[in-house]
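Structure, as structure tokens:
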Protein chains: 4
Amino acid sequence: MDAVRCAVFGLGRLGHQHAINLATRVPGAKLVAVLDSVPELAEKTARELGVQRWSTEPDELLAATDIDAIFVVTPTSTHATLAKKVAESGKALFLEKPVSLDLEEAAATVHAVEASGILCQLGFMRRFDPAYKAAKAQIAAGAIGEPLYFKGISRDPQAPPETYVAASGGIFADQSIHDYDIARFMMEREVTSVSAVGSVLYSKEVARYNDVDQALSYLRFEGGAAGDIEAYRNAFYGYDIRAEILGTEGTLVVSGLRQQNVTLLSNRGSNYEILPGFIERFKEAYVDELIAFIQCVQQGERPSVGVRDGYQALAIATAAKRSYQEKREVAVPGLNEVNVS
Amino acid sequence: MDAVRCAVFGLGRLGHQHAINLATRVPGAKLVAVLDSVPELAEKTARELGVQRWSTEPDELLAATDIDAIFVVTPTSTHATLAKKVAESGKALFLEKPVSLDLEEAAATVHAVEASGILCQLGFMRRFDPAYKAAKAQIAAGAIGEPLYFKGISRDPQAPPETYVAASGGIFADQSIHDYDIARFMMEREVTSVSAVGSVLYSKEVARYNDVDQALSYLRFEGGAAGDIEAYRNAFYGYDIRAEILGTEGTLVVSGLRQQNVTLLSNRGSNYEILPGFIERFKEAYVDELIAFIQCVQQGERPSVGVRDGYQALAIATAAKRSYQEKREVAVPGLNEVNVS
Amino acid sequence: MDAVRCAVFGLGRLGHQHAINLATRVPGAKLVAVLDSVPELAEKTARELGVQRWSTEPDELLAATDIDAIFVVTPTSTHATLAKKVAESGKALFLEKPVSLDLEEAAATVHAVEASGILCQLGFMRRFDPAYKAAKAQIAAGAIGEPLYFKGISRDPQAPPETYVAASGGIFADQSIHDYDIARFMMEREVTSVSAVGSVLYSKEVARYNDVDQALSYLRFEGGAAGDIEAYRNAFYGYDIRAEILGTEGTLVVSGLRQQNVTLLSNRGSNYEILPGFIERFKEAYVDELIAFIQCVQQGERPSVGVRDGYQALAIATAAKRSYQEKREVAVPGLNEVNVS
Amino acid sequence: MDAVRCAVFGLGRLGHQHAINLATRVPGAKLVAVLDSVPELAEKTARELGVQRWSTEPDELLAATDIDAIFVVTPTSTHATLAKKVAESGKALFLEKPVSLDLEEAAATVHAVEASGILCQLGFMRRFDPAYKAAKAQIAAGAIGEPLYFKGISRDPQAPPETYVAASGGIFADQSIHDYDIARFMMEREVTSVSAVGSVLYSKEVARYNDVDQALSYLRFEGGAAGDIEAYRNAFYGYDIRAEILGTEGTLVVSGLRQQNVTLLSNRGSNYEILPGFIERFKEAYVDELIAFIQCVQQGERPSVGVRDGYQALAIATAAKRSYQEKREVAVPGLNEVNVS
């Protein structure tokens, strides 16, 4: 089977990781080009990974006939525009979350991508994490009976810089969105409404952006299930991602705080190191989502997580933000309830 | 030092446990009488524990000059009335939570007890649990810097019978109240407002009492800290009580799911048994709170947890219930803000 | 039922703990006398625990008609002599391990105690530890099929003082003896031979007594099962007692390193405190073994762990010491194979 | 940098895994040929991995000028012969353990490989496991002071087939050899003598080969340190590999039983799945050892684990086997103490 010729757009921390993974760890993938608006970064990465072509111009690579798939890892504000361009180019699209920070734009992107018929996978890497996958498999096998409640916790080791916060869309769209997606994935139901609250506990500066550094969302699902999502920017101790799915016959707990299977016993107690960040926590998931994508491209299959999932997670985040601002429960609009101008 | 002559009022599951503990495990305590409205139960318990006196009439024992301390473990609806009677008798009072289901009555009870000058300890046993105590000591030692967020989870193995639910005052006053108290204890600040949501996930019958079997309370504390409390009636897998206190320099996690330090490894995985209920989970705390109370009585010291703590926890629970009903954030009234008729 | 009138002989750390437990935590026990060769210690303990009688003369208390049970917690060298005297007195005997450091003397003690018909329980407290008991119950319930291998680890936080080592009988009789007993208890078979090795890893001074501070015993059981026992004096990090029982269908792991159910997460990792010593690790077992003994006395039942168990554990320890010295596998002599002069 | 052109000899379970890893997960490696004595297997694997060349004749591939490195994953009996041939060919050699089952042959192989000057890495993958590496780094950083004792446990989920046992060289050379190597690695000292015992606990058929299915080795290291290694063939519950390194200031525990970070809580307790076998347990290590080897080849560096390490581990295993047979402590011969005919 022919290798899938890949181009990575955006070479920040995650884009760089995707590029490395495509170059060395994803069978069937061939990294043929990298792109960044900073030419020095693009050139350096190309050299480092032994890639011939680098660019600062998306259109140049989108027009290339010897590129099969585009990986959009650029800043969020460019996601929708690039997604539409990739759709027009007919290439396969791997799109980082969120689709957009604007719900109408996200809906329009869904329509554009679906109309084009291109293959599109969203970068919700948690779905490919071995622990989440195993939990999902256990639910499917009936281990907990009917799922009734989803509990998610996402704590970052420290708040991002103020410039990031300013452009992030807020804690709900930026941090909790991964939990909204995984909650839908685990419960296999749509979220119908959200009640969200939050506080500025430590990063006083986020108040300038009407944002908080700690948030709690209460979700109601179709059919009467519920859930809650905690987000915190300043856990200090490390990167802490957890989930629980409570069912009629059991509860599944997904954890993963430990960095290595090594414990130090001393007169200061029993101690192990904690995972420092998302790259380390989801190391395997970041590879496996790419492997899955390449397989879909090679075999013409539909990705298990697509552009509509991107819309749904954003719709929950948007409702959560409004709930927080208006101090009331807010319904989550379905795709067909959003006006696309 | 003379033994403290004790009488236990109410011989349900917890009252019976208190009676056993006083009879056998609490140095300085002498169980001299037991009381229950069901004479057979009172008589049987007296015989079983080698206690001479049993009764169905509180007034009879309250008038006895050879009884020093009364342990009120009767149904909640009788707590306030009995507390006032004990206050009038001048005896020491160990009072189970909640003080009342009515905030005005609770405030009046605080006034009556405090005016009488009797020694009074509330039955918030978690404060005497070795794990919570150790966490508190670590906070005091500066291990987590300034506490910023409290997270509490209380899951019961299965919902109580419908008759219990009907008289319980609802999930906030009945189940979350322990977390409200321990949150105040750990954060060393008062809660100023609550936003509460909830769902009927499994026990459909609780809807008849405008109650839920799953609830989430978001707490705001003086000085900008916050917290959330999850309550669930139907965890099925066991009794699951947890707490986390997030601070500026670290986070403390209080857990305790494991029944014994025994793990079975087999081709079905690694398995340990889970604690079945509150009596087992707080076995040591139930003894230690009585030991502390008896010491206070013997040494004329003020208990570390008193009737005002009972009021505060109920005030949070009452605000939470209203928040749930009115779908808005509700302020927690201070003791002096409550009209006592 | 009448209270059992108890006298504790020997008020070192463990004797003092037994005295406190009998005075305050053991239903049916009444501590009526304490004894120590140091009169000040006996008097002080009596005052502290509200006990009327104290003595330095065993014979005085053994002759008392108002004492029902003697708890021998004196130095090992006096165990056998005192046990025989208690046997002659006809009182019930709770005897700390080891019965003796001399196998012939131990055998003679067994004969004397059994001939007298007194009730006698050995102080192998691990058998009453909730974790070991739960493991035993699981084995009885068939959870691991047929037990094939026992693995025991006993690590002390630091080596005892040199004077203690000199009189201890060596690491096998002093430290591993608890594991030999619990191995027999778990496997429900006798040990037929031992191969033991050891090293002086840290406490160089023990070499003067032909002792080691680290030892490993390989046990062969009747019927083909086996096991190994590790002992170490200088773990530094805390008191670490573990066991594993490997069977044809599963393996049970008994652990218990954690001091409290509290974990501190910080930028130094995930940390919990470790149990510091045997008093803390076996706190519950030290009470429960006394409760069981008092119940046996009150109900005329035979203790589950008797003087023969004391002989068997010592026989294994004696064989282990010889194996270590002679660098060969040594058979464990049965009681009837020992000449009693 | 040019890709290293690799050929894998031997396509059993591990050889197949190496071939997959070289083809897809090891940057800088190019799998150009596979070899197996079964032509169908060689051809099938070549097709599956898109490799042009396959063979049944080592000499053919050893003579090829367009192959840079040979991975010997054939049956143990062929290791020494093939290693010498690779040495003659001048290619780089990745050699699976053990070097040989015969100590003289192993010594001769060391001499031949070293005389040839080729680059040679031994397949002790545990050294590349993230947990062992992290433990080693902590020792180097002084976390436990001076290492005094090494404890290793290796339990296989079930005994290999009888034909495998017959050719395996016995439990010491086949199973414990990994622990002997990792013990040397962690302690950074040579083992000077071994005392080994063992039993046939379950797999009665191994007795026919003078082998056991359970073994315990006691190691003495240069400078007075010690250690023990447990091996068991029939753990049934899964693949259980552990290590502890006790030092003067702390103890490191390396574990890794859990298959996924998922726990199921139900009325049957708290449960997680256990790793089934070595491929899953050392998944990352099997990739990382190849990455390290390829880097050494590309940069002309000496591998961190070489052919002498293969000799040393075998020398311990050989001494252990003799110790078991002769029931006495046996010295471990250094390389220069072995006659090479």
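Table for the structure above
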{"quantity": "Crossing angle, helix D:130-140 versus chain D [Cα axis fit, 0-90 degrees, rounded to tens]", "calculated": "70 degrees"}
{"quantity": "Packing-based exposure ordering (other Cβ within 10 Å, fewest first) of A:Tyr209, B:Tyr324, A:Tyr272", "calculated": "A:Tyr209, A:Tyr272, B:Tyr324"}
{"quantity": "Descending Cα extents along the principal axes, the stretch C:231-341, whole Å", "calculated": "65, 48, 34"}
{"quantity": "Residue mean of other protein chain beta carbons inside 10 Å, D:137-148", "calculated": "2"}
{"quantity": "Neighbouring partner chain Cβ atoms per residue of D:234-246, average, 10 Å criterion", "calculated": "5"}
{"quantity": "B from D by rotation - nearest chain D beta carbon to the axis, in Å", "calculated": "D:Asn271, 2"}
{"quantity": "Debye intensity ratio in log₁₀ form over the Cα atoms of the stretch B:1-139, taken at each q of 0.09, 0.12, 0.15 Å⁻¹", "calculated": "-0.27, -0.48, -0.74"}
{"quantity": "Label point 7 Å beyond Cα along the C-beta direction, distances from A:Gly300 to other copies (nm, shortest first)", "calculated": "5.2, 9.0, 9.3"}
{"quantity": "Relative contact order (percent, whole number), the stretch C:4-126, Cα cutoff 8 Å, 6+ residue spacing", "calculated": "23 percent"}
{"quantity": "Separation in nanometres of the label points that stand 7 Å from Cα toward Cβ, at B:Lys204 and B:Ile279", "calculated": "3.2 nm"}
{"quantity": "Per-residue average of Cβ from other chains inside 10 Å of B:216-223", "calculated": "3"}
{"quantity": "Length-normalised contact order for chain A - Cα pairs under 8 Å, 6+ apart - percent", "calculated": "20 percent"}
{"quantity": "Packing-based exposure ordering (other Cβ within 10 Å, fewest first) of B:Lys151, A:Lys30, B:Lys321", "calculated": "A:Lys30, B:Lys151, B:Lys321"}
{"quantity": "Volume per residue that the Cα convex hull of the protein assembly as shown spans, once the total is divided by residue count, Å³", "calculated": "178 Å³"}
{"quantity": "Placed amide H near D:Asp228: partners under 5 Å, 5+ positions off or other chain", "calculated": "D:Phe150, D:Lys151, D:Gly152, D:Leu219"}
{"quantity": "Taking A:Thr318, B:Thr65 and counting other C-beta atoms within 10 Å, the order from fewest to most", "calculated": "B:Thr65, A:Thr318"}
{"quantity": "Angle between chain C longest axis and helix C:79-89 axis [Cα atoms, degrees, rounded to 10]", "calculated": "40 degrees"}
{"quantity": "Tensor-based shape of chain D (alpha-carbon gyration tensor, a/c under 1.5 rounded, otherwise prolate or oblate)", "calculated": "rounded"}
{"quantity": "Separation between Cα centres of the stretch D:199-260 and the stretch C:95-156, rounded to whole Å", "calculated": "26 Å"}
{"quantity": "Crossing angle, helix B:283-299 versus chain B [Cα axis fit, 0-90 degrees, rounded to tens]", "calculated": "50 degrees"}
{"quantity": "Highest-first arrangement of B:219-226, B:88-95, C:277-284, where packing means the average Cβ count within 10 Å", "calculated": "B:88-95, B:219-226, C:277-284"}
{"quantity": "Long pairs among A:Lys91/A:Lys133; A:Lys151/B:Lys133; A:Lys283/A:Lys321; C:Lys85/C:Lys133; A:Lys283/D:Lys133, criterion Cα-Cα beyond 21 Å", "calculated": "A:Lys91/A:Lys133; A:Lys151/B:Lys133; A:Lys283/A:Lys321; C:Lys85/C:Lys133"}
{"quantity": "Label distances, nm, D:Gly50 versus same residue in remaining copies, Cβ-directed 7 Å point", "calculated": "1.4, 8.3, 8.4"}
{"quantity": "Sequence-distant aspartates and glutamates (8 or more away, or on other chains) whose Cα lies within less than 14 Å of B:Lys44", "calculated": "B:Asp36"}
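No lab work stands behind these numbers, since they all come straight from the coordinates. Keep in mind the model is a prediction, meaning the values are calculated, not measured. Positions of Cβ are generated from backbone atoms using ideal geometry, with glycine treated the same way; all protein chains shown enter the neighbour counts.
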